[in-house]
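The values are calculated or read from the model by the stated rules, or taken from the named source; none is laboratory data. Because the structure is a prediction, the values reported are computed rather than measured. Backbone-built Cβ (ideal geometry, glycine too); neighbour counts: all protein chains shown. When the accessible area is computed, the model is the full protein with side chains, heavy atoms only, and any ligands, DNA or RNA have been set aside. Shrake-Rupley method; radii C 1.70, N 1.55, O 1.52, S 1.80 Å.
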Amino acid sequence: MPFQNRVTPFGDLVATPERGLVYGNRGRLHDEHRVIRRDWQVKRWISCRLEFRGRHRAGGSMAPNRYTGLFFLDEATALAAGHRPCAECRNADYKSFLGLAGAARADELDERLHAERGRLHEAELDDLPDGAFVALAGQAWLVFGSALLRWTPGGYSERRPRFSGRAGVVTPSTSLRVLAAGWHGSVPLIHPSRPS
């Protein structure tokens with residue numbers, strides 16, 4: 001049975017066998033029975049590499065009295081959920097993201113992202129950068145060139161043309177600015193499953 005530690009673009013935690021290409025955390029969310037008891041513990045929501053310096057986490061992603069390891073399909077999903085690059089395993093990405101976001105330090109960036117998480121905001125679909133997510137009929141859709149790709153835990157399952165007009169944007173405004181500046185981190189921004 002999979003743990004409830006896979007993250008959707010809306011920031012929800014779901015149980016699914018698909019793991020994804022990006023790791024991260026929001027503090028300790030689980031109890032001693034590996035059951036999720038809260039959505040977040042700290043404002044520092046980070047996204048990490050799946051592997052870093054050969055480290056192996058004893059006890060797995062829900063080790064007792066340790067942070068809850070979370071998994072994201074790709075970095076676009078992590079950004080939409082309100083996470084940002086880790087300062088340890090993705091230090092160069094972290095510094096670049098901080099600069100593109102116009103934040104002086106991590107606490108400032110984390111406070112800003114915390115205020116923006118989970119709040120849809122309207123924008124013109126034509127103005128959104130690749131990697132942004134919008135909500136259409138309760139589903140998360142990734143902006144990718146002239147198309148929108150429907151998110152699922154295992155990859156992108158459907159393609160539709162990007163249309164003109166306003167849409168509810170899932171990705172926080174701070175992360176949108178970073179994406180619009182041409183963001184390229186060290187983890188995959190968009191999962192390779194792209195329907196034609």
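Per-atom-type breakdown for the chain gives carbon and sulfur 50% of the accessible area (1.4 Å probe, protein chains only). With r as the distance between the Cβ atoms of Ala63 and Ser164 and R0 = 35 Å, compute the FRET efficiency 1/(1 + (r/R0)^6) and round to 0.05. Using R0 = 35 Å, I get an efficiency of 0.15. The long axis of helix 91-101 is offset from the longest Cα principal axis of the chain by roughly 40 degrees. Of the residues Thr8, Pro153, Tyr67, the one whose Cα sits farthest towards the positive end of the charge dipole of the chain is Tyr67 (charges of +1 on Lys and Arg Cβ, -1 on Asp and Glu Cβ, taken about the Cα centre). With an a/c value of 1.5 or above and a/b not larger than b/c for the gyration tensor axes a ≥ b ≥ c computed over the alpha-carbon atoms, segment 124-196 is described as oblate.
Taking all protein chains together, Arg6, Arg166 sort by accessible area into Arg166, Arg6, largest first [probe 1.4 Å].
What segment 37-98 shows is 48 Å² of accessible area per residue, with the surface traced by a 1.4 Å probe over protein heavy atoms. Express the Stokes-Einstein translational diffusion coefficient of segment 49-96 in µm² s⁻¹, to the nearest whole number, given a Kirkwood radius over alpha-carbon pairs, 4 °C and a viscosity of 1.567 mPa s. Rounded to a whole number, D works out at 106 µm²/s.
Angle of helix 106-116 to the longest C-alpha principal axis of the chain, folded into 0 to 90 degrees and rounded to 10: 60°.
Note down the Stokes-Einstein diffusion coefficient of segment 47-150 in µm²/s, whole number, using a Kirkwood radius over alpha carbon pairs, 4 °C, and 1.567 mPa s. D = 82 µm²/s.
Over the chain, DSSP H runs of length four or greater, each weighted -39,500 (n - 2.57), average out per residue to a 222 nm ellipticity of -5000 deg cm²/dmol. The convex hull drawn around the Cα atoms of the chain, when projected onto a plane and averaged over every direction, covers 10.7 nm². The label-point distance for Ser193 and Arg177, in a model that sets each label 7 Å from Cα toward Cβ, rounds to 3.4 nm. A Cβ-based charge dipole, computed about the Cα centre of the chain with Lys and Arg at +1 and Asp and Glu at -1, lands at about 500 debye. Note on Arg105 and Glu88: the model spin-label points, each 7 Å out from Cα along the C-beta direction, lie 1.9 nm apart.
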